[in-house]
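What follows is one structure encoded as structure tokens, with my remarks underneath.
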Amino acid sequence: IDVKDGAQYLLVPDGKEAPDDLDSDVIVIHQPLERIYMAATSPMALFDAIDSLDTIRLSGETADNWYVQDAVDARNAGTMIFAGKYSEPDYEMLVDENCDLAIESTMILHTPKVQEMIEDLDIPVFIDRSSYESHPLGRTEWIKAYAAMLNKEDVADTFFGKQTKV
């Protein structure tokens with residue numbers, strides 16, 4: 001996944017290894033992703049649209065702050081737990097919960113030490129830049145990146161096709 005004005009990410013399928021000669025700037029994300037820390041708010045609706053809220057174990061928001069009802073329900077049920085906001089995550093919780101990916105908004109760029117600490121814990125950080133898209137379909141198209149991470153490309157393509165018609 002190549003994010004404009006951002007980073008490059010390599011998705012490594014379950015049971016496979018990243019190439020030895022991989023450029024050191026490429027961020028490796030190992031699949032399957034089952035315990036994500038969602039500190040960015042906008043991707044939550046996309047995860048909901050591809051029926052993948054169950055992959056988000058840790059939240060950067062309390063239930064009161066989510067506008068996605070299924071996320072509120074998951075937080076209230078305890079299947080998604082609060083792990084601190086983006087600028088002050090509970091690092092111990094991220095480790096204890098075996099977090100396999102942190103999804104952050106560009107706000108994390110204002111707290112580089114936080115991003116560095118998460119990465120020092122061997123948790124890859126994916127920075128969502130969907131808010132920089134000028135067209136609503138550009139924002140919606142980010143569903144394809146998340147679907148690739150979760151092996152749900154068909155579901156995302158169907159959702160995106162419906163949104164294109166709307």
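Quick notes
- Taking only the Cα atoms of the chain, the radius of gyration and Dmax are 15.3, 45 Å.
- Label zone at residue 151, where the point sits 7 Å out along the Cα-to-Cβ direction: segment 29-51 residues whose backbone N lies under 20 Å: 29-37, 47-51
- Stretch gain in nm, segment residue 22-residue 109, where the contour uses 0.36 nm per residue and the Cα spacing is subtracted: 28.9 nm
- Pairs exceeding a 29 Å alpha-carbon distance, out of 4/152; 16/85; 4/113; 113/152: 16/85; 113/152.
- Net charge of the neighbourhood of residue 65, taken over other residues with C-beta under 12 Å away and scored Lys/Arg +1, Asp/Glu -1, is 0.
- Estimated distance in nm for a label pair at residue 81 and residue 34, the labels positioned 7 Å out from Cα along Cα-to-Cβ: 1.6 nm
- Loop-located chymotrypsin sites (Phe, Trp or Tyr not before Pro) across segment 60-89 with a Cβ neighbour count of 16 or fewer within 10 Å are 67, with loop assigned by DSSP.
- Averaged over residues, the count of other Cβ atoms within 10 Å places the peptides 88-96, 20-28 in the sequence 88-96, 20-28, highest first.
- Relative contact order of segment 60-166, taken over Cα pairs closer than 8 Å and 6 or more residues apart, is 16 percent.
- Unit Cα scatterers, Debye sum, segment 18-65: log10 I(q)/I(0) for q = 0.20, 0.22, 0.32 Å⁻¹: -0.76, -0.84, -1.26
- Cα-centred dipole magnitude for segment 65-161, charges only on beta-carbon of K, R (+1) and D, E (-1), debye, nearest 20: 420 debye
- Since only 72, 164, 83 are under comparison, the one whose Cα sits farthest along the positive direction of the charge dipole of the chain, derived from C-beta charges on Lys, Arg, Asp and Glu, is 164.
- Backbone N within segment 58-89 under 20 Å of label point (7 Å from residue 96 Cα along the Cβ vector): 58-63, 75-89
Computed from the coordinates by the stated procedures, all read-outs in this text should not be read as laboratory data. Just so it is clear, the model here is predicted, and its values are computed rather than measured. Glycine gets a Cβ as well: all are built from the backbone with ideal geometry, and neighbour counts include every protein chain shown.
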